[in-house]
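*Asks:* Submitted below is the structure of interest, expressed as structure tokens.
Every number in this text was worked out from the coordinates using simple rules, so none of it is lab data. Values in this document were obtained by computation on a predicted structure and should not be read as measured data. Don't worry about glycine lacking a Cβ; one is built from the backbone with ideal geometry, like all the others, and counts go over all protein chains shown.
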């Protein structure tokens, strides 16, 4: 969250990382060395792959507070040409199902990794199933409302990480908005490709 | 076999085969021979927070990458690009260096009690 006019991150370099920003509230001004100056509002998100090298600046130049979620991922290939893609999550048409924002699925922004980022606006009392590969991890973050994930109850802005899960079934106790991310095939610490 | 190390702060890649000539590290310098107080030239992350990464499947070799790439020089104290890496691109000298920033920030924290 960047509060107030002029706060944020100045121009700084990255390599290889794939940087994802999801704007929840306010206006984000994103400038990068691919030549893109972008202004993102609530529901907008981008995927900036730094690859062989890119700089970016993340600023709040408005009076209103800015709330953004940032996610970093490693690509499956290093030093690729930098790229920038932008998407929009429309709350009005995306309610009641797990909507894949980023990942190699139709209608999602593609990413060079076995990785998915999804968002759900669910109805109270509804149950949603998310199927995953036991080798992959899942990270859940509740934006608004509350949810039950198995025996665990998550409230607003609570999060949990799951590994070796076969599938997730969660029940909404209230209207809420949830993101689920599943990161797959990470680079192994010992340096060998999986 | 030369190894490569990825900075977990910013994604900077140290490639043993290439070294960092612009930062005084000659090619073929092994990771173990880099001083323990070395920090990532782009973001100031400590040496211990870099992790080894493999040459990934299908990725061109250093020789192949060298052959197709025009090398650009990165000079100056604030040059913060991937110095020496054949796939690296250099836009311009850095206007912002996290290492300098962190050092200044730490000094302010320790000496002024402002925060």
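*Asks:* Could you give the semi-axes, largest first, of the ellipsoid that matches the range A:55-108, computed as the square roots of 5 times the alpha carbon gyration tensor eigenvalues and rounded to whole Å?
*Replies:* Numbers: eigenvalues 107, 98, 18 Å².
Result for the range A:55-108: semi-axes of 23, 22, 9 Å.
*Asks:* Continuing with this model, one more query. Could you tell me the extents of the range A:80-150's C-alpha atoms along the three principal axes, largest first, rounded to whole Å?
*Replies:* Cα spread of the range A:80-150 along its principal axes, largest to smallest: 45, 32, 20 Å.
*Asks:* To the nearest 0.05, what FRET efficiency results for residue A:158 and residue A:131 with a Förster distance of 25 Å applied to their C-beta separation?
*Replies:* Values: r = 22 Å, r/R0 = 0.89.
Step by step, r from the Cβ atoms, then E = 0.65.
*Asks:* State whether the range B:1-57 is rounded, prolate or oblate according to the following rule on the C-alpha gyration tensor (a ≥ b ≥ c being the square roots of its eigenvalues): a/c under 1.5 gives rounded; otherwise a/b larger than b/c gives prolate, and the remaining case gives oblate.
*Replies:* Numbers: a/c = 1.57, a/b = 1.07, b/c = 1.46.
Because a/c hits 1.5 or more and a/b fails to exceed b/c, the range B:1-57 counts as oblate.
*Asks:* For a quick check: sort A:144, B:22 by the number of other beta carbons within 10 angstrom, fewest at the front. Don't jump to the answer; show the numbers that get you there.
*Replies:* Details: A:144 14, B:22 17.
The order, fewest Cβ neighbours first, is A:144, B:22.
*Asks:* Based only on other Cβ atoms within 10 Å, what is the fewest-to-most ordering of A:96, A:158?
*Replies:* Details: A:96 11, A:158 14.
With the fewest neighbours first, A:96, A:158 line up as A:96, A:158.
*Asks:* Between residue A:65 and residue B:49, what FRET efficiency comes out of the Förster formula 1/(1 + (r/R0)^6) with R0 = 35 Å and r the beta carbon distance, rounded to 0.05?
*Replies:* The calculated FRET efficiency here is 0.70.
*Asks:* What does the C-alpha gyration tensor say about the overall shape of the range A:1-121? Classify as rounded when a/c is under 1.5, otherwise prolate if a/b is larger than b/c, or oblate. Before the final figure, lay out the partial values.
*Replies:* On the way: a/c = 2.19, a/b = 1.01, b/c = 2.16.
Oblate, because a/c is 1.5 or more while a/b does not exceed b/c.
*Asks:* Given bins 10 angstrom wide, list per bin the percent of all Cα-Cα distances in the range A:14-82, short to long.
*Replies:* Values per bin, smallest distances first: 22, 50, 24, 4.
*Asks:* Ok, one more. Would you mind ranking A:112, B:28, A:77 so that the residue whose beta carbon has the fewest other beta carbons within 10 Å leads the list? Write down the numbers at each step before the final one.
*Replies:* On the way: A:112 18, B:28 11, A:77 14.
By the 10 Å Cβ count, ascending, the order reads B:28, A:77, A:112.
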